[in-house]
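Participant: Before I ask anything, let me first share the structure, which is written out below as structure tokens.
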Amino acid sequence: MNPSSHRNNGSANDALRLLIVGRDASAITTLKTLASSNSWEMESAGSGCEALERLQGNHTPNLVIVDLARGDADGMYTLRWLRRMRPSLAVVLLGFADDMQQHDEAIRLGARDYLLKPASEQKLSAAIHRHMLGIAGDNTDASFTQEQIIQVREDRFFMAAGPLMRKLQSQAELLSQVDVPLLIVGESGSGKETVARLIHKLSVRSALPFIKVNCAALPPDLLERELFGYDAGSFPGQVRPKPGKLELAEKGTIFLDDIVDMPANLQAKLLHVLQEKQFSRPGSGTTVKVEVRIVAATGVDVERAMMEKRLREDFYYRLSAFTVHVPSLRQRKEEIPLLLGHFMKQLARHYGLPTRSLSAETLSACQEYKWPGNLRELESFVKRYLVMGHEELILGEARWNNGNSGNGLPEHRFPTQTPEPIHVSEPVAQEDHASGLRSLVQTVKGEAERNAIAVALDQTRWNRKAAARLLKVSYRTLLYKIQQYHMSPPPTYGSTSFVGSAVKGNGHGPQ
């Protein structure tokens, strides 16, 4: 479709209007060239004040591009006022790669996009087509006009786009002002640690430590030392005392993940900390006073855990002065397109790769899928797609990973044949661990390779040349792999006799 054929606000006579704010001559020249070649109207404003004055008049652009000068706060000020005056107006910022704090703040304030300078003509054109023209197919780049994204750490963010998450955000803001223990419950991967970090960030303790301890990752003795520390001479070879995480988190927050996996004796000791704000250091019995907020999390049913004596009732009731429930991704499907877009931007920037778009069909499949791994699984899905680049392959992998369970992913995208299961042997002797691990890695790698080939072959109805192009490998390599994995087409695709002869080079059989 010709971009110039698009119109905004329903008028056939309205040309697309672009406003750039800034004084960077190279950026203005590039945008003027783009506007001229696409028959867009473009104006420039030298400052934010000038741009705001134009918006107060009759000038109504479809898109504003704000060029952020290094060390100049005028651009962010302009963004704030643009969002107040015209909440639905698309705003794209041009900034620097070494100022990611500015990037996160811009997205939080409602910028549609943040392009790194110097932005090429190709990147500027793509951004304009995404946000100004609404071209289909790049719909993973979701709008940030309605949702709020709070970056709680460099690799973690909290998104409140739907009613459940907005309610959770309000709850977090309230609990950040009340200095009481908290229990956060939710499915694995739903974002319990992110909620804990958000509460810490919003509290008066935000400038003080936030320390995480995974109670399921350590055996009981090590977990006790990790939490409470130890004195010199507590065990052979220990010549210096070592403070525990409770002391290191002094005045801040300690986050205890998988709290149900903490042994009962340590639950009792932690209960004493909650009640008395002190504990006895292992080994010497030295009394240590601590002032720390304790936030715990679990992904299991706490009522059942108490019935099974895995969680002490007195500890639970003291710990759960307030209980925060984190909804699963299934309960907030309306956020999935926004999350896909945000994950895509973050991971592409992290790996130095260009972002990729998802088709409307795949987005629909993602919203229908159950996501048992929640945000963690969604992030892994985006990561695989960013690297592999083929929707068919990642959807096929998702299908196999979920056992053909009718989870909402499109039936026609997946091969009819099921890959052979991976068998993992019993633990071997210690001297064989390294070779066993290498063997397991090779097994998993081979199975993933076989799955990818099977999907490509099914998508192309066993047209091996087309499948090789899809997989971006040579035709001969694909034939070798087909023979290596003893693969053959279903009867509906014809004879299987070609496989051996084609690899030998006589070229017979379907191509």
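The values are calculated or read from the model by the stated rules, or taken from the named source; none is laboratory data. Remember, it's a predicted structure, so these values are computed and weren't measured experimentally. Cβ sites come from the backbone with ideal geometry, for glycine too, and all protein chains shown count toward neighbours. SASA here: full protein model, heavy atoms, side chains in, ligands and nucleic acids out. Shrake-Rupley method; radii C 1.70, N 1.55, O 1.52, S 1.80 Å.
Participant: Checking Glu447 against (1) more than 20 Å from Val387 (Cα to Cα); (2) at pLDDT below 80; (3) not hydroxyl-bearing (Ser, Thr, Tyr), which test does it fail?
Facilitator: For Glu447, the failing item is (1).
Participant: For a quick check of your reading: which strands (runs of 3 or more DSSP E) sit entirely within the range 197-285 and have at least 1 residues that are open to solvent by 50 Å² or more (accessible area, probe 1.4 Å)? I'd like the intermediate steps shown before the answer.
Facilitator: On the way: elements: 210-214, 253-257, 278-280.
Result: 210-214, 278-280.
Participant: Still on this structure, I have one more. Within the range 366-384, track down each residue that is in a loop (DSSP other than H, G, I, E, B) and over 15 Å from Pro327 (Cβ atoms).
Facilitator: Within the range 366-384, just Tyr369 meets the criteria.
Participant: For the range 147-166, how many residues meet the condition of being open to solvent by 30 Å² or more (accessible area, probe 1.4 Å), in a strand (DSSP E or B) and under 17 Å from Glu334 (Cα atoms)?
Facilitator: 1
Participant: Only residues that are open to solvent by 40 Å² or more (accessible area, probe 1.4 Å), over 15 Å from Val260 (Cα atoms) and not in a helix (DSSP H, G or I): list them for the range 172-196, please. Full working, then the answer.
Facilitator: Of all residues in the range 172-196, those open to solvent by 40 Å² or more (accessible area, probe 1.4 Å) come to 173-174, 177-179, 187-188.
Pick out the ones that are also over 15 Å from Val260 (Cα atoms) and you get 173-174, 177-179.
Those that are open to solvent by 40 Å² or more (accessible area, probe 1.4 Å), over 15 Å from Val260 (Cα atoms) and not in a helix (DSSP H, G or I): Gln177, Val178, Asp179.
Participant: Right, here's the next one. Of all the residues that make up the range 478-500, how many are among the small types (Gly, Ala, Ser), open to solvent by 30 Å² or more (accessible area, probe 1.4 Å) and modelled with pLDDT under 55?
Facilitator: Total satisfying the criteria: 3.
Participant: While we're looking at this one, here's another question. Taking the range 293-342 only, how many residues are touching a strand residue (DSSP E or B) at 6+ places or on another chain (Cβ under 8 Å) and free of Cβ contacts under 8 Å to residues at least 24 places away in the same chain?
Facilitator: Within the range 293-342, residues that are touching a strand residue (DSSP E or B) at 6+ places or on another chain (Cβ under 8 Å) and free of Cβ contacts under 8 Å to residues at least 24 places away in the same chain number 0.
Participant: Now for a different question. What number of residues within the range 167-208 satisfy the criterion of being among the small types (Gly, Ala, Ser), at pLDDT 90 or above and within 17 Å of Arg332 (Cα to Cα)?
Facilitator: Number of matching residues: 5.
Participant: Would you say Arg310 is of a type in the set (D, E, K, R), over 15 Å from the mean Cα position of the chain (by Cα) and assigned to a loop (DSSP other than H, G, I, E, B)?
Facilitator: Yes: the conditions hold for Arg310.
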